1. In nm, to one decimal, how far is the modelled label at residue 31 from the one at residue 4, with both set 7 Å along Cα→Cβ?
2. Across the chain, how large is the tail of the calculated P(r) beyond 20 Å, expressed as a percent of all Cα pairs?
3. If you put +1 on each Lys and Arg Cβ and -1 on each Asp and Glu Cβ, how big is the dipole of the chain around its Cα centre, in Debye rounded to 20?
4. Run the numbers on the chain and let me know its relative contact order in percent, using alpha-carbon pairs under 8 Å that are six or more apart.
5. Work out the length of the dipole vector of the range 2-50 about its Cα centre, built from +1 on the beta-carbon of each Lys and Arg and -1 on the beta-carbon of each Asp and Glu, and round it to the nearest 20 debye.
6. Who wins for biggest fluctuation among 41, 95, 83 in a Gaussian network model of the chain, springs between alpha carbons below 10 Å?
7. Under the classification rounded if a/c is under 1.5, otherwise prolate if a/b is larger than b/c and oblate if not, where does the range 63-114 fall, given a ≥ b ≥ c as square roots of the Cα gyration tensor eigenvalues?
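Nothing in this text is a laboratory measurement; each read-out follows from the coordinates by a stated rule. All figures in this text were calculated on a predicted structure; none of them were measured in a lab. Note: ideal-geometry Cβ built from the backbone for every residue, glycine included; neighbour counts use all protein chains shown.
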Amino acid sequence: MSYMRDLAHKACDGTLQLGRFGSMTDEQVIENLTQVKGIGRWTSEMFLIFSLGRLDVLPVDDLGLRYGFRKAYAMRTLPSPERMQKIAEPWRPYRSVGTWYMWQVRRMQLIGDAG
């Protein structure tokens, strides 16, 4: 409940610049959102992808993405954020799309494991 109150308070007092998100860079949006208690980088990146429709977000801390990379690139262990960034560099400016594909790889792996 305290997180919701903090979100509401910061939205009302102007700390969150909601009306400006469309013109802000991804990092500016993340910096603005993470001022709210309970909102971290991962939540902000999901907001960028799913609410703002940003096409060049690579949420390297997302576990599903890490598992997708591991499967798609036949890695023995989960990749580090730095390794994923290096692999995904050619995907620019559509790393969100690559992320969606990696999530799908992970999803198909889960379906295959269940069957």
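1. Going by the 7 Å Cα→Cβ label model, 3.1 nm.
2. 48 percent
3. Values: 16 positive and 12 negative charges, 76 e Å.
Using Cβ point charges on Lys, Arg, Asp and Glu, the chain gives about 360 debye.
4. Details: 104 pairs, mean separation 24.2, N = 115.
Averaging sequence separation for qualifying contacts and normalising by length gives 21 percent for the chain.
5. Values: 5 positive and 6 negative charges, 37 e Å.
Roughly 180 debye for the range 2-50.
6. 83
7. Numbers: a/c = 2.63, a/b = 1.44, b/c = 1.83.
Note, shape of the range 63-114 comes out oblate.
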